[in-house]
Structure formats: structure tokens, C-alpha cells
Amino acid sequence: MSNVVQVAIHPSQFPKNVRRDLLASLRTRRVNHKFHYDSVKQTQKWLVLHEAHSPTRRDADCLATYDRAFAEAAAQIKSRQVHVIGLGCGGGQKDVQLMKQLRSRGKKVSYTPCDVSVAMVLVAREAALDLVPAEKCFPFVCDLATAADLPEVFSKSPEPHAQRLITFFGMIPNFEPRQILRKLTELLRPNDILLFSANLAPGADYAAGMKKILPQYDNPLTHDWLTAFLFDLGVEAGDGRLRFTIETGGLGLRRVAARFHFRRARRIKVGGREFSFARGESIRLFFSYRYTPARAAKLLSRHGLEVCGQWIAKSGEEGVFLCRRK
């Protein structure tokens, strides 16, 4: 039984709640991002996409930018024991690089990979096992958007004497800013450190920067990943077309949005419920906000988070921010 892995699952990902969120996604024509990571197949598609288009995989300076941020975060940790909580851990690559820095400074590290997908937290756990003993790794499945009790959940830490270092890499673009920043502030305790990254629109011209990064989204791998959600529900490729646009979202921020536009009518049946999509209708599958360093810092300050350090890649497309609660 030594190969059995225990995974904690928050009620936000219990079947009845997942079904509720799925029905709401189809009813409102706005898909909860978590449904793009729902299956092993979708997780694998995302990992392939990430490998091909993420700046950290194809830009050496971007990777070095994270290393600089990780080194500074590790230097600020005074406790000998550190509990890394990876919110939206994905495949865990960035968390692993951070933990390498901590280990190089003699820290004893424990790890909670947290994601909406069981497959994803298991991938992150596997990536961390060379650095963290299996008994110090605590995979946790949770929907950050709907879970209302995370401060209480994480207060019952399996490592009560460790300093907490919370990571939130590549996640903030897929949340409405007010919603997620409020949650992060509530989650942080006075001694906690938050490391998060934001995808940026490069250059001084915000609009021009958005156009420059659009190909990172509007490409065959992203199309394949996003449409898997609809195709698994019975939509066919000939039913419509996925289109990417740049739009203004909340707080005057700009974001990339992906909508599937139906060229012919289609009915979908889910759990005894039927949803009809008429010709000409669309459903939003995805959005991704793009920030600038100044916009990110201003929003963080508004929500009670103090930026103690920031590192921006030379490309201007990625930024890492070290924060504490004010």
C-alpha cells in the first residue's frame, strides 16, 4: 500500500457542486475555467500547450526572472521550516524551482499542491518528490473561485510551526481581480509571504502590448485545449468556430477572451437538463487579463497587499511580485 496517495478534496469540488457549476456555466454562457482541467485528457492538453507557449518554457530570461524572485523570497524566510502552498499549482514546475532555492538554504520544506484538478495536483506532487518527502506532501483539490472558507481550512495546517510561503503563479489572469485579490488577502496571515506572477502586456502602449501577445492564445494548441470542453459535451467541430478578441474588463483592465460562435443550432444534454444554442449564439470559454507592473501594484495595494519586491522579464510579458499583508 506504500504507493497509495491521499488527496484531500474540498467540498467545492464535490460532485453536486461541480454539477451546479457546470449547469451555471452552460446557462450563463460563461464557462468556469476549472472545466478546462476537469479530465486527465484536458490536463495533458494544457501541459502540452504550456510547454509550447509559456514564456517560462521558451524565454531564458523569463525563467531567470523567477529564479531571482525565488532567491529573494528564500532569503527573507527566517524559519527553518517552510510550508509552500501552491495555489493553482499546475504541473508544479515553478513551485519545484522555488523549493530548490529553499533547500539550498538548509530549509526543511513541506508542500501543499492545490489545484482544481486531481490529475494536476498529482502531477505537481510527483514533480516535488525529489525535494519533499512523500509524508510532507499534502495534495489538495479545491475551486478557489467558490470556496469561501480557505482561511479556516489552511489554518489547520499539518505543519503548524512552519512559516508559510504561498504561491499563485499564472492564475490571476483567469479571475476577476476584485474577487481573487480579496480572497488572497483574507488567506494571508501576518508572517506569510505571497509570491505571485502576472502575465503582462509589454511596452508603454497597453493596447499595442495586448495585440502583441494575442498569438500566445490564438493558436492551434489553445484551440484544441479549450474546445475539448464543448466537444466532450457533444458539440461537433462543424457546429461553430472559436474566436479570440481583446476586450475591456473590470477596472479598465484589458483581457483576451475566447468565445465559441455557433454556425448551426445545437442542443446539449447534461444531467437531465437540456441547453439549446441557436445559430449565431456564442459561449465564452475563457478569458485572460493582462496587467502592467503599475496596474498590478495599484490593485494589490487597494486590497491590503504590500509589494515588497517585483521582478519583470526583459520581454515585459511576465512579472513576479513578492507581497505581504499590510
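The values are calculated or read from the model by the stated rules, or taken from the named source; none is laboratory data. Predicted model, so just to flag it, every value in this text is computed and none were measured. Cβ atoms come from the backbone with ideal geometry, glycine included; neighbour counts cover every protein chain shown.
Note on segment 103-131: residues that are of a type in the set (A, V, I, L, M), assigned to a loop (DSSP other than H, G, I, E, B) and over 23 Å from Leu188 (Cα atoms) amount to 2. Within segment 261-276, the residues that satisfy the criterion of being assigned to a strand (DSSP E or B), among the basic types (Lys, Arg) and surrounded by 12 or more Cβ atoms within 10 Å (Cβ to Cβ) are Arg266, Arg273. Only one of the numbered conditions (1) touching a residue at least 40 places away in the same chain (Cβ under 8 Å); (2) within 22 Å of Arg19 (Cα to Cα) is violated by Ser276, and that is (1).
Residue by residue, here is whether (1) part of a loop (DSSP other than H, G, I, E, B); (2) touching a Ser or Thr at 6+ places or on another chain (Cβ under 9 Å); (3) aromatic (Phe, Trp, Tyr) holds:
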{"site": "Phe196", "(1), (2), (3)": "no, yes, yes"}
{"site": "Met210", "(1), (2), (3)": "no, no, no"}
{"site": "Pro215", "(1), (2), (3)": "no, no, no"}
{"site": "Ala228", "(1), (2), (3)": "no, yes, no"}
{"site": "Gly234", "(1), (2), (3)": "yes, no, no"}
{"site": "Arg243", "(1), (2), (3)": "no, yes, no"}
{"site": "Arg255", "(1), (2), (3)": "no, yes, no"}
{"site": "Arg259", "(1), (2), (3)": "no, yes, no"}
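For segment 245-260: of the residues being basic (Lys, Arg) and closer than 13 Å to Pro173 by Cα, which is surrounded by the fewest Cβ atoms within 10 Å (Cβ to Cβ)? Don't jump to the end; show me each part of the working.
If we filter segment 245-260 for residues that are basic (Lys, Arg), which is where we start, we get 254-255, 259.
Subset that is closer than 13 Å to Pro173 by Cα: 254-255.
On the way: Arg254: 18, Arg255: 21.
Per the stated criteria, the residue is Arg254.
Evaluating Val153 against the criteria (1) hydrophobic (A, V, I, L, M, F, W, C); (2) in a loop (DSSP other than H, G, I, E, B); (3) surrounded by fewer than 20 Cβ atoms within 10 Å (Cβ to Cβ) leaves one unmet condition, (2). Scan segment 244-277 for residues that are among the small types (Gly, Ala, Ser), out of contact with any Phe, Trp or Tyr (no Cβ under 7 Å at 6 or more places or on another chain) and modelled with pLDDT of 95 or more and the total you get is 1.
When you scan segment 1-102 for helices (runs of 4 or more DSSP H) that lie fully inside it, which ones turn up with 3 or more residues that are touching a residue at least 12 places away in the same chain (Cβ under 8 Å) and in the same structural domain as Pro113 (by TED's automatic domain parsing)?
40-53, 60-76
Put simply, of Ser104, Ser110, Ser39, Ser79 the only residue that is of a type in the set (Gly, Ala, Ser), surrounded by fewer than 17 Cβ atoms within 10 Å (Cβ to Cβ) and either touching a Phe, Trp or Tyr at 6+ places or on another chain (Cβ under 9 Å) or within 27 Å of Ile283 (Cβ to Cβ) (or both) is Ser39.
Residues being in contact with a Phe, Trp or Tyr (Cβ under 7 Å, 6 or more places away or on another chain) and either among the hydroxyl-bearing types (Ser, Thr, Tyr) or within 19 Å of Ser25 (Cα to Cα) (or both) are entirely absent from segment 300-314. Applying the condition of being touching a Leu at 6+ places or on another chain (Cβ under 9 Å) and more than 23 Å from Gly252 (Cβ to Cβ) to segment 278-304 and asking which residue is surrounded by the most Cβ atoms within 10 Å (Cβ to Cβ) yields Leu285.
Is it the case that segment 157-165 has a residue that's under 17 Å from Gly304 (Cβ atoms) and not basic (Lys, Arg)? The answer is no, given that none of the residues of segment 157-165 is under 17 Å from Gly304 (Cβ atoms) and not basic (Lys, Arg).
Within the bounds of segment 1-12, is there any residue that is more than 22 Å from Ser157 (Cα to Cα), more than 20 Å from the chain's Cα centre (by Cα) and among the hydroxyl-bearing types (Ser, Thr, Tyr)? Yes: segment 1-12 contains one or more residues that are more than 22 Å from Ser157 (Cα to Cα), more than 20 Å from the chain's Cα centre (by Cα) and among the hydroxyl-bearing types (Ser, Thr, Tyr).
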